[in-house]
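Here is the structure we will look at.
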Amino acid sequence: MFSLSRHALRHTRNFALSVSANKCKPIAVAVPLNLRYLAADSRHNNHKTDSSSNNNKNNMENKVEKITVNKEELRKRLTPMQYQVTQEAGTERPFTGCYNKHYEKGVYQCIVCHQDLFSSDTKYDSGCGWPAFNDVLDKGKVTLHRDASIPGMVRTEVRCSRCSAHMGHVFDDGPPPKHRRFCINSASIDFVKKAPSTTATAAAGGAASASAATAAGTTTSSKK
């Protein structure tokens, strides 16, 4: 792809002789300019390719349409704790949230934009004092961010991908197989109870009809 000048070849041959004669002494090597530029350009192109791939990957995973929230309207609609947590990355005190020991079947939504985020099927008692989930409904539902707000500690912040509301943090000490613990503030989510399935409702209705028919038959027999 490129050719070395006669000076570069002579420099390379002299460098090889110097290394064999001084095996234990580090030698500063003057790399020819054309090689340095080629290497730098290669690193630059690789970086651009990697960045492009990462951006494409993120775009594919986060297909949720983003919205801009009105802060003043949120102050009126949310409680002070809900606003502080979602808009100012606050944290409620442990063991005080209404969903810490909550195990009904349903879906947990973002309190700000009502996007579905977590399922009750992935909720578990981690003992940490906040609602814990071992996964999200879909990886595009949340975005992850580096959080170094506490000196000496780096955490991974979890935000709603639709409105950027702060949810909590995710850690790698969850249950297998993924070992993830989404530690989420109760103040950042709302719960929607799961409606009974059509099959279960029909089965319940059929059982009730059968019971009614049996009762009617028993009454008729007793009259006879």
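The values are calculated or read from the model by the stated rules, or taken from the named source; none is laboratory data. Just so it is clear, the model here is predicted, and its values are computed rather than measured. Quick reminder, even Gly has a Cβ in these numbers, built from the backbone with ideal geometry, and neighbours come from all protein chains shown. With ligands, DNA and RNA removed, areas are computed over all heavy atoms of the protein, side chains included. Shrake-Rupley method; radii C 1.70, N 1.55, O 1.52, S 1.80 Å.
Taking the condition of being open to solvent by 50 Å² or more (accessible area, probe 1.4 Å) and on the phi < 0 side of the Ramachandran plot, how many residues in the stretch 157-180 meet it? Give the steps one after another, and end with the answer.
We begin by selecting, within the stretch 157-180, every residue open to solvent by 50 Å² or more (accessible area, probe 1.4 Å); these are 159, 162, 164, 171-173, 176-180.
Now restrict to residues that are on the phi < 0 side of the Ramachandran plot: 159, 162, 171-173, 176-178, 180.
Total satisfying the criteria: 9.
Every condition in (1) without any contact (Cβ under 8 Å) to a residue 24 or more places away in the chain; (2) on the phi > 0 side of the Ramachandran plot is met by Ala148 except one, and the failing one is (2). Can you name the number of the only condition in (1) open to solvent by less than 30 Å² (accessible area, probe 1.4 Å); (2) over 20 Å from Gly106 (Cβ atoms) that Asn185 fails? Here Asn185 meets the rest and fails (2). Among the residues of the stretch 86-118, those that are open to solvent by 20 Å² or more (accessible area, probe 1.4 Å), within 23 Å of Val192 (Cβ to Cβ) and either in a strand (DSSP E or B) or of a type in the set (S, T, N, Q) (or both) comprise Gln87, Thr96, Val107, Gln109, Asp116.
Taking every residue in the stretch 119-136 that is in contact (Cβ under 8 Å) with a residue 60 or more places away in the chain and pairing it with any residue that is open to solvent by less than 30 Å² (accessible area, probe 1.4 Å) and outside any loop (DSSP other than H, G, I, E, B), at least 6 positions away or on another chain, the pairs with Cβ-Cβ distances below 6 Å are Ser120/Gly106.
Only a single criterion out of (1) in a loop (DSSP other than H, G, I, E, B); (2) modelled with pLDDT of 95 or more is not satisfied by Tyr83, namely (1).
With the structure loaded, tell me whether Asp135 is over 15 Å from Ser186 (Cβ atoms), modelled with pLDDT of 95 or more, of a type in the set (D, E, K, R) and open to solvent by less than 40 Å² (accessible area, probe 1.4 Å) or whether it fails that test. Spell out how you get there, then give the answer.
Details: over 15 Å from Ser186 (Cβ atoms): yes; modelled with pLDDT of 95 or more: yes; of a type in the set (D, E, K, R): yes; open to solvent by less than 40 Å² (accessible area, probe 1.4 Å): yes.
Considered against the rule, which asks whether it is over 15 Å from Ser186 (Cβ atoms), modelled with pLDDT of 95 or more, of a type in the set (D, E, K, R) and open to solvent by less than 40 Å² (accessible area, probe 1.4 Å), Asp135 comes out as yes.
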